[in-house]
1. Let me confirm something: among Ser84, Ser90, which residue is under 28 Å from Phe143 (Cα atoms) and loosely packed, with under 13 Cβ neighbours inside 10 Å?
2. Taking segment 13-60, which residues are closer than 24 Å to Thr77 by Cβ, open to solvent by 40 Å² or more (accessible area, probe 1.4 Å) and of a type in the set (Val, Ile, Thr)?
3. Taking only pairs six or more apart or across chains, which ones have beta-carbon atoms under 7 Å, a first residue in segment 150-173 that is within 21 Å of Arg92 (Cβ to Cβ), and a second residue that is modelled with pLDDT under 75 and surrounded by 11 or more Cβ atoms within 10 Å (Cβ to Cβ)?
4. From the list Leu154, Leu120, Leu104, which residue is surrounded by 15 or more Cβ atoms within 10 Å (Cβ to Cβ) and in a loop (DSSP other than H, G, I, E, B)?
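The values are calculated or read from the model by the stated rules, or taken from the named source; none is laboratory data. Because the structure is a prediction, the values reported are computed rather than measured. Don't worry about glycine lacking a Cβ; one is built from the backbone with ideal geometry, like all the others, and counts go over all protein chains shown. Please note that ligands, DNA and RNA were not included when accessible areas were found on the heavy atoms of the full protein model with its side chains. Shrake-Rupley method; radii C 1.70, N 1.55, O 1.52, S 1.80 Å.
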Amino acid sequence: MDLQQEHVLMELESYAQPDEPTAIPRESKSVMATHGYLAACNPMFERGLLSHQRVTAQNQHVLHNILEGYRYFENWTKELEDMSDFQPNSPRERRFLAWQTWDLLRIAVSGFQVVCADFLSRHCDKHYISPLRINGSAVESLFSRLKAYTGGKLTSISYQTSRKSIIIQDETKHPSIEGYRDVPLFYHYDG
């Protein structure tokens, strides 16, 4: 973990849970929730999807980091799904990530895992994957398509229509059409 990030996490924790029990701030619970969120993002992004570390058939440490951070978000959403009033697709829902962000996070994590598994199964002994270089391109491709369907005005309101347009186009695409960015992006999550 980066020293600066580690310092921020330690500061948050020491503020929310001081040595003196009478000095615990009123917002301790929300500060610790922020701490948990940032502690999950670090392995998933800095030591995972945006890492400079190579992924090889022998070294899957980056993938383990990604899954370690991603579990936090899976557990968070499972806790909320047990509540009868949780509406993940509602723009008014404030207890979880915006559903567009959740979609894109699942796409990034599952897509990167599949790319690594496929590539390394075919090129296990000579090649490696650089996570930072791969992820920027895939996210750029997806956002380009999402923005194109909204006329350059992608918002939380237009996201759902744009996403459905991409799914419909991909399902009805003529099989002989191939292009530069025909990479599967795994946005058909039904969970």
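1. Working: Ser84 fails: under 28 Å from Phe143 (Cα atoms).
So the residue among Ser84, Ser90 that is under 28 Å from Phe143 (Cα atoms) and loosely packed, with under 13 Cβ neighbours inside 10 Å is Ser90.
2. Listed by number, the list holds a single entry, Thr34.
3. Arg163/Tyr187
4. So the residue among Leu154, Leu120, Leu104 that is surrounded by 15 or more Cβ atoms within 10 Å (Cβ to Cβ) and in a loop (DSSP other than H, G, I, E, B) is Leu154.
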